[in-house]
């Protein structure tokens, strides 16, 4: 049973196309992983007729309860004298009384682990972060764990929104 030259040409072109697509997919994932870029979304500018400390979301729903879960930014948000936005103190919590060590890593720490302290079965870390949205995860006894109840990033990490 002999195959024609046309069959082998189509098979070779199809194989090359599949290899090119696979190579491009791998390249895209590696470039995203190795680039060191962060997923960061800057806040919406505040209109001139709105108070300086209030965001657009706060103006729309002032009675809405603010986020009090694992990552709750402190309320004091100020601008520096030269107009730059100051970092906001953000508290991260992880509840696991049996854990021996818990660390946090995220784009705001350049993915370097930062130790958390344990008090009454709750692990805490206070980190100053500029306003924006950042991916992060916990390292619990050497294993990556996500923050329950937080939205997930396309990279598979939890997201924190700092206002």
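The values are calculated or read from the model by the stated rules, or taken from the named source; none is laboratory data. Fair warning: this is a prediction, and the values are worked out from it, not measured in the lab. Every residue, glycine as well, gets a Cβ built from its backbone with ideal geometry; the counts of neighbours run over all protein chains shown.
Overview of results
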{"item": "Given (1) modelled with pLDDT of 90 or more; (2) within 19 Å of residue 159 (Cβ to Cβ), number of the condition residue 68 does not satisfy", "result": "(1)"}
{"item": "Subset of the stretch 94-123 [surrounded by 15 or more Cβ atoms within 10 Å (Cβ to Cβ) and closer than 15 Å to residue 160 by Cα]", "result": "94, 104, 105, 106, 107, 108, 109"}
{"item": "The lone exception for residue 128 - which of (1) loosely packed, with under 14 Cβ neighbours inside 10 Å; (2) in contact (Cβ under 8 Å) with a residue 24 or more places away in the chain; (3) not in a strand (DSSP E or B) it fails", "result": "(3)"}
{"item": "Single unsatisfied condition, residue 7 versus (1) in contact with a helix residue (DSSP H, G or I) (Cβ under 8 Å, 6 or more places away or on another chain); (2) at pLDDT 80 or above", "result": "(1)"}
{"item": "Cross-chain or 6+ apart pairs with Cβ under 9 Å, the stretch 110-123 first and on the phi > 0 side of the Ramachandran plot and in contact (Cβ under 8 Å) with a residue 12 or more places away in the chain, then surrounded by 10 or more Cβ atoms within 10 Å (Cβ to Cβ) and not in a loop (DSSP other than H, G, I, E, B)", "result": "121/95"}
{"item": "Condition broken by residue 59, with the remaining ones in (1) at pLDDT below 90; (2) outside any loop (DSSP other than H, G, I, E, B); (3) within 15 Å of the chain's Cα centre (by Cα) satisfied", "result": "(3)"}
{"item": "Of all residues in the stretch 135-163 being out of contact with any strand residue (DSSP E or B) (no Cβ under 7 Å at 6 or more places or on another chain) and in a loop (DSSP other than H, G, I, E, B), the one that is farthest from residue 115 (Cα to Cα)", "result": "154"}
